[in-house]
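S.K.: One structure, pasted below without further comment.
Quick note: the coordinates plus some simple rules give every number you see, no bench work behind them. Everything quoted here is computed from the prediction, not taken from an experiment. Neighbour counts are summed over all protein chains in view; Cβ atoms, including those assigned to glycine, are modelled from backbone coordinates with ideal geometry.
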Amino acid sequence: MTFSDPSLVWTGYADEDTTVGGLKASRGLTCTYSAELTEEERAELDGYAVFAVDWAVIALNACP
């Protein structure tokens, strides 16, 4: 899968069981979050499980 602006969305395959936060850390991904998200909401997003058989799509920039 490719996007016209790869700075907005990352797609990739999880090669081991992890979390969204772990996947972002292992791939060196930095996300810009909406100012409306609290720290708790960000932590909840990063805590979602990603399994070794999963493909992931991670938004890198918040929608305006």
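S.K.: Can you give the relative contact order of the chain as a percent, counting alpha carbon pairs under 8 Å and 6+ residues apart?
M.R.: Averaging sequence separation for qualifying contacts and normalising by length gives 55 percent for the chain.
S.K.: Is it possible to state the helix-based mean residue ellipticity at 222 nm for the chain, with each DSSP H run of 4+ residues giving -39500 (n - 2.57), the sum divided by total residues, to the nearest 500 deg cm²/dmol? What is it?
M.R.: Calculated at 222 nm, the ellipticity per residue is -6500 deg cm²/dmol.
S.K.: Okay, next question. Given H placed 1.01 Å from N in the peptide plane, which residues other than close sequence neighbours of Thr19 have an amide H under 5 Å from its amide H?
M.R.: Amide H to amide H, under 5 Å and 5 or more residues apart or across chains, Thr19 pairs with Val50.
S.K.: Taking the Cβ of each residue in Thr19, Thr2, Thr11, Thr38 as the centre, tally the other Cβ atoms inside 10 Å and list the residues starting with the fewest.
M.R.: Ordered by Cβ neighbours within 10 Å, fewest first: Thr2, Thr38, Thr11, Thr19.
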